[in-house]
Every structure is written in structure tokens, then in C-alpha cells.
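Worksheet: the structure to be examined is printed underneath.
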Amino acid sequence: MRYALRYPNRYSLLWRRDCFDVEQSGVEAAGTVLYDRVKAALAKGDSNSKVSVETEVIAAWSLVHGYVSLRIQGTLIDGKDEVSGMPRAAAIVDVLIAGLGGKRPGRGRRPTTV
């Protein structure tokens, strides 16, 4: 998220398949590596999920990219969670993790790195 918010135009180009050859650029390979890492991390978790790990990865991917897109467009602004005091980006990741079967983080917890 930090990269996307710091370099919104570069981030936006990553998803513009009409602007460059994705296979030649290495973007697709890099994305696959990241996707596989998220999938492996979720597969290791102690989840009672009623959906597949693949569906969980897509949910995580969608949440993060949706949040970043809304921030870049100016629809959402940076802020802090009113209950935990965590940066909003870290708090939404924790909400996602809790929804995927992880333990809900408590107040005063060290924020998730995003």
C-alpha cells in the first residue's frame, strides 16, 4: 500500500495491460510471487473458513487494491481507527485477517505493516 500511495501513477500503470507487454516486463511474474506468498501465509493459518484459500486470497487482494484505489481517487483520506488508534490502512488489514479466522487484535497492539 505504501508504494501505491507514494507513487500512484506508477501503481496505476501496473494494471494497464494496454500500456506495456506484461509478460516481458516481469510484472506478471512479480505479481504471481506476491500472490503465492499471500496464499501460503493464509494456508498456514488456523482458519475455520468455509471457503477455499484461493477465495481468501482474492478477498485480501480485492480489499487492499480497492482501498488503495479509493485513496488515490480521493474518495477516502488517510486516518486512524477511532477505537484502536491504528493507521486506517493497518486496521483494515487486521479486520480482514480477523475475518479470515485470525484472532482479532487488541488495543495497543503493534500496527500491521502495510
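The values are calculated or read from the model by the stated rules, or taken from the named source; none is laboratory data. The shown structure was predicted, so the numbers you read here are calculated from the model rather than taken from an experiment. Cβ: placed from backbone, ideal geometry, glycine included. Neighbour counts: every protein chain shown.
Numerical summary
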| read-out | value |
| --- | --- |
| Qualifying residue in region 57-66 (condition: in a loop (DSSP other than H, G, I, E, B), of a type in the set (A, V, I, L, M, F, W, C), surrounded by 11 or more Cβ atoms within 10 Å (Cβ to Cβ) and out of contact with any Ser or Thr (no Cβ under 6 Å at 6 or more places or on another chain)) | no |
| Filtered residue count, region 1-16, keeping only those that are loosely packed, with under 11 Cβ neighbours inside 10 Å and either in a loop (DSSP other than H, G, I, E, B) or in contact (Cβ under 8 Å) with a residue 12 or more places away in the chain (or both) | 2 |
| Verdict on Ser69 being surrounded by 13 or more Cβ atoms within 10 Å (Cβ to Cβ) and touching a helix residue (DSSP H, G or I) at 6+ places or on another chain (Cβ under 7 Å) | no |
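Rundown of residues vs (1) among the hydrophobic types (A, V, I, L, M, F, W, C); (2) surrounded by 13 or more Cβ atoms within 10 Å (Cβ to Cβ); (3) over 19 Å from Tyr3 (Cβ atoms); (4) at pLDDT 90 or above, yes/no style:
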residue: Ser52; (1), (2), (3), (4): no, no, yes, no
residue: Gly74; (1), (2), (3), (4): no, no, no, yes
residue: Val95; (1), (2), (3), (4): yes, yes, yes, no
residue: Gly99; (1), (2), (3), (4): no, yes, yes, no
residue: Arg104; (1), (2), (3), (4): no, no, yes, no
